[in-house]
Amino acid sequence: MTATNSDKPFEGPGPDAAYRAALKDGKVMIQQCNDCHRHIFYPRISCPHCGSIDLERKPAAGTGTVYSTSIVRQKPEAGGNYNISLIDLAEGVRMMSRVVDIAPEEVKIGMAVRAKIGELGGEPAVLFEKA
């Protein structure tokens, strides 16, 4: 969806629905403002930096750095421990996600990661693995 300053600025699915549809297609898309050129995450109908509604979805580079991380502790029968991490993407936005395929204790601040599409709760989600 590209929103423009026209009579029908929001044709098509809303920003969240478009983001989720792209995930189902195996793509991580990040919005970028065509006026101030800054990237935006979580999907919105207007730029939080300049207020423009001229936004475009672009493929994310898929690389980032762990900004912070925390371990959620659970009993093994409930799925075991996992991490919740804030990831700074190459585009300059921050995303909450998980770093997978390594023990939660191994996830470190400053660690380089790369995105992959996985599944959480039966829905596609952006997950990260150690780069």
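The values are calculated or read from the model by the stated rules, or taken from the named source; none is laboratory data. Bear in mind the structure is a predicted one, so any value in this text is a computation, not a measurement. Remember, those area values only see protein heavy atoms, side chains included, never the ligands or the DNA or RNA. Shrake-Rupley method; radii C 1.70, N 1.55, O 1.52, S 1.80 Å.
Per residue, the accessible area of the chain comes to 57 Å² when a 1.4 Å probe rolls over the protein heavy atoms.
Computed from phi, the 3J(HN,Hα) profile of region 125-131 under the Karplus parametrisation 6.51, -1.76, 1.60 (θ = phi - 60°) reads 8, 7, 10, 10, 10, 4, 7 Hz, with x in place of Gly and Pro.
Between amide H atoms placed 1.01 Å from N, distances below 5 Å from Asn83 occur with Val72, Val99, all of them 5 or more places distant or on a separate chain. Against the main long axis of the alpha-carbon atoms of the chain, helix 15-24 sits at an angle near 50°. Please list log₁₀ I(q)/I(0) at q = 0.23, 0.25 Å⁻¹ for region 13-106, using the Debye equation with identical point scatterers on the alpha-carbon positions. Log-scaled intensity ratios, in q order: -1.13, -1.23. Taking a ≥ b ≥ c as the square roots of the Cα gyration tensor eigenvalues, with a/c under 1.5 meaning rounded and otherwise prolate when a/b beats b/c, else oblate, which class fits region 12-64? Since a/c reaches 1.5 but b/c is at least a/b, the shape of region 12-64 is classed as oblate.
Within the accessible surface of region 28-131, defined with a 1.4 Å probe on protein heavy atoms only, the carbon and sulfur portion equals 50 percent. Restricting attention to the chain, lysine pairs at least eight places apart or on different chains and with alpha-carbon atoms under 30 angstrom apart total 20. In the full protein assembly as shown, how much of Lys27 is accessible to a 1.4 Å probe, in Å² to the nearest 10? Counting only protein heavy atoms, the figure is 110 Å². Put simply, the amide H of Val28, placed in the peptide plane, has neighbours under 5 Å in Ala60, leaving out anything fewer than 5 places away on its chain.
Coupling constants for region 38-53 follow from the phi torsions by the Karplus curve (6.51 cos²θ - 1.76 cosθ + 1.60, θ = phi - 60°), and in residue order they are 8, 7, 9, 8, 6, x, 9, 9, 9, 6, x, 8, 10, x, 5, 9 Hz; glycine and proline get x.
Only helices enter this figure: runs of n ≥ 4 DSSP H residues, each worth -39500 (n - 2.57), summed and divided by the residues of the chain, yield -2000 deg cm²/dmol at 222 nm to the nearest 500.
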